[in-house]
Amino acid sequence: MSRFAFSLPFFIGSRFGKSRKKSGFVSFITLSSIIGIAIGVIALTVGLSAMNGFERELEERVLSVIPHGDVHTAYGRMNDYRSYGERMTEDPHILAYAPYVNVNALLDRKNEFKAMLIKGIVPEMETKVVSVGKFVADNALDTLVPGSGNIIIGSSIAEKYQIKKGDELHFMVSVNASAQKLSAPKVFTFKVSGFFHMSGQLDGMVSYIHMADAQKIFNLTDDQVDGISFKTDNFLASNQIIVKKAKELRQMVYVGSWMQTQGHLYSDIQLVRLVIYISLFIVICVACFNIVSSLMMILNDKKSSIAILVSMGARNKLIRHIFVTIGFINGSIGVAIGLAAGFILSWNLNAVFALIEKIMGRTILDKDLYFIDFIPSEVHLIDFVIVGAGALFICFISTLYPAFRTSGILPAVELSKGK
């Protein structure tokens with residue numbers, strides 16, 4: 001009995017759906033609602049997949065070469081960095097540390113000057129904090145040894161200034177400069193031993209030498225550094241983790257994190273994700289209004305049929321179920337088409353945008369401005385579930401008003417009209 005009660009609204013609703021094909025305008029409204037819902041679902045799923053891809057690339061590219069956090073002293077340079085780093089890593093949430101010495105320099109190349117940050121690192125310690133090694137070609141990090149005078153530069157700098165492996169680069173560094181006075185710069189020469197490529201602005205700003213070579217420039221001892229960078233087990237909470245541990249050591253230090261330098265990228269991604277959710281769900285809601293229009297037209301067209309059903313003993317609940325079923329079927333078709341097409345497009349989003357770029361003859365993302373030069377995509381099934389469930393819920397809500405309007409049909413009045 002319950003199975004019959006469940007299938008009867010579907011059977012009658014499908015009969016109403018077949019008979020309304022005679023009305024071209026009603027069919028057009030129904031088709032437009034299906035297409036509108038499908039387009040909204042496609043746009044929403046593809047947009048969310050793109051945001052997932054940007055978040056993945058942010059973590060794997062930018063955050064792979066930028067430490068989760070760093071600590072440097074309030075005045076002067078940090079002495080005995082090993083002791084401080086070991087005490088900081090006593091916190092189980094801080095996984096590794098690496099010292100660094102920063103050298104602000106001017107590259108003198110073919111009578112052109114380029115401001116650069118040369119970072120002095122200890123490669124075996126740096127690779128435990130960041131994954132810069134995977135962006136460096138030919139294992140060039142192994143060439144950074146104390147006293148070698150080797151340097152690894154970004155690929156965009158090499159391309160712009162036509163720098164090749166083995167070239168000697170001259171840098172001007174103000175060794176004794178301070179906030180109170182300036183000093184004449186000294187010239188230091190380094191030999192290019194490799195290149196790193198990760199796209200974005202870092203390729204044109206940062207170069208790497210061994211920390212011992214950087215210490216030699218400023219006449220520092222082997223335990224004097226500018227600061228220490230850290231890797232934590234939770235990059236979103238890295239600032240809180242490092243600040244908490246630094247307070248326990250009771251030393252005057254400045255604590256920084258990736259949120260201060262690259263946090264705007266993460267915030268922008270989350271903001272765009274929210275905007276996509278809101279705006280495209282509004283698009284789906286607008287498309288669902290067409291369901292209301294089509295059901296109201298069916299209601300006006302089938303008043304006599306509904307009156308016959310009521311006179312045969314059909315209850316208002318059954319009539320409402322019939323109209324809910326008609327609208328829900330139409331919405332489900334649109335949602336199903338949208339999810340399927342959105343899944344296919346999300347998996348091939350990079351290829352689709354590459355084709356668009358080829359047709360337009362220009363790139364959508366400039367690698368010199370953004371940290372990637374392609375449109376990434378990462379499919380999360382939970383996004384498809386949320387979008388599908390949300391769209392179906394909106395479709396269901398859209399059917400309620402026309403369904404409850406059927407209660408106002410009076411069989412005697414409607415049947416008398418047909419005489």
Go through (1) within 27 Å of the chain's Cα centre (by Cα); (2) at pLDDT below 85 one by one and return the number of the condition residue 231 breaks. (2)
Tell me, please, whether a residue that is at pLDDT 75 or above and outside any helix (DSSP H, G or I) can be found in the range 257-267. yes
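Here is a check on your reading of the model: is residue 213 in a helix (DSSP H, G or I) and at pLDDT 90 or above? Walk me through it before giving the result.
Numbers: in a helix (DSSP H, G or I): yes; at pLDDT 90 or above: yes.
Yes.
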Which one of the conditions (1) outside any helix (DSSP H, G or I); (2) surrounded by fewer than 19 Cβ atoms within 10 Å (Cβ to Cβ); (3) modelled with pLDDT of 85 or more does residue 251 fail to meet, given that it meets all the rest? (3)
Filtering the range 217-249 for residues that are of a type in the set (S, T, N, Q) and farther than 30 Å from residue 175 by Cα leaves a count of 5
Which residues, counting only those in the range 132-150, are crowded, with 16+ Cβ neighbours inside 10 Å and out of contact with any strand residue (DSSP E or B) (no Cβ under 6 Å at 6 or more places or on another chain)? 132, 133, 141
With the condition kept exactly as written, say whether any residue in the range 97-105 is more than 17 Å from residue 257 (Cα to Cα) and outside any strand (DSSP E or B). no
Does any residue in the range 55-78 that is more than 16 Å from residue 132 (Cα to Cα) come within less than 7 Å, Cβ to Cβ, of a residue that is among the aromatic types (Phe, Trp, Tyr) and not in a strand (DSSP E or B) six or more places away or on a different chain, and which pairs are these? 78/84
Options 89, 127; residue that is touching a Gly at 6+ places or on another chain (Cβ under 7 Å), closer than 23 Å to residue 243 by Cα and of a type in the set (S, T, N, Q): 127
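Test residue 60 against the stated conditions and say whether it is crowded, with 16+ Cβ neighbours inside 10 Å, closer than 18 Å to residue 258 by Cα, among the acidic types (Asp, Glu) and within 30 Å of the chain's Cα centre (by Cα).
Numbers: crowded, with 16+ Cβ neighbours inside 10 Å: no; closer than 18 Å to residue 258 by Cα: yes; among the acidic types (Asp, Glu): yes; within 30 Å of the chain's Cα centre (by Cα): yes.
No: the conditions fail for residue 60.
Condition check: in the same structural domain as residue 213 (by TED's automatic domain parsing), within 26 Å of residue 232 (Cβ to Cβ), among the hydroxyl-bearing types (Ser, Thr, Tyr) and at pLDDT 85 or above. Does residue 127 satisfy that? Step through it out loud before you land on a result.
Working: in the same structural domain as residue 213 (by TED's automatic domain parsing): yes; within 26 Å of residue 232 (Cβ to Cβ): yes; among the hydroxyl-bearing types (Ser, Thr, Tyr): yes; at pLDDT 85 or above: yes.
Yes.
Which of the following residues is more than 23 Å from residue 326 (Cβ to Cβ) and modelled with pLDDT under 75: 409, 382, 372?
Step by step, each of 409, 382, 372 is checked, and only 372 is more than 23 Å from residue 326 (Cβ to Cβ) and modelled with pLDDT under 75.
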If I filter the range 323-332 for residues that are within 30 Å of residue 378 (Cβ to Cβ) and either outside the structural domain of residue 292 (by TED's automatic domain parsing) or modelled with pLDDT of 75 or more (or both), do I get at least one hit? yes
Of all residues in the range 257-292, which are closer than 24 Å to residue 396 by Cβ, aliphatic (A, V, I, L, M) and touching a residue at least 24 places away in the same chain (Cβ under 8 Å)? 276, 280, 283, 284, 286, 287, 291, 292
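Yes or no, residue by residue, for (1) in the same structural domain as residue 205 (by TED's automatic domain parsing); (2) buried (at least 18 other Cβ atoms within 10 Å of the Cβ); (3) β-branched (Val, Ile, Thr):
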{"position": "29", "(1), (2), (3)": "no, yes, yes"}
{"position": "68", "(1), (2), (3)": "no, yes, no"}
{"position": "87", "(1), (2), (3)": "no, no, no"}
{"position": "91", "(1), (2), (3)": "no, no, no"}
Count, please, the residues in the range 37-87 that happen to be in a strand (DSSP E or B) and either at pLDDT below 85 or not β-branched (Val, Ile, Thr) (or both). 5
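The values are calculated or read from the model by the stated rules, or taken from the named source; none is laboratory data. Given the structure is predicted, the values throughout are model-derived calculations rather than measurements. Cβ atoms come from the backbone with ideal geometry, glycine included; neighbour counts cover every protein chain shown.
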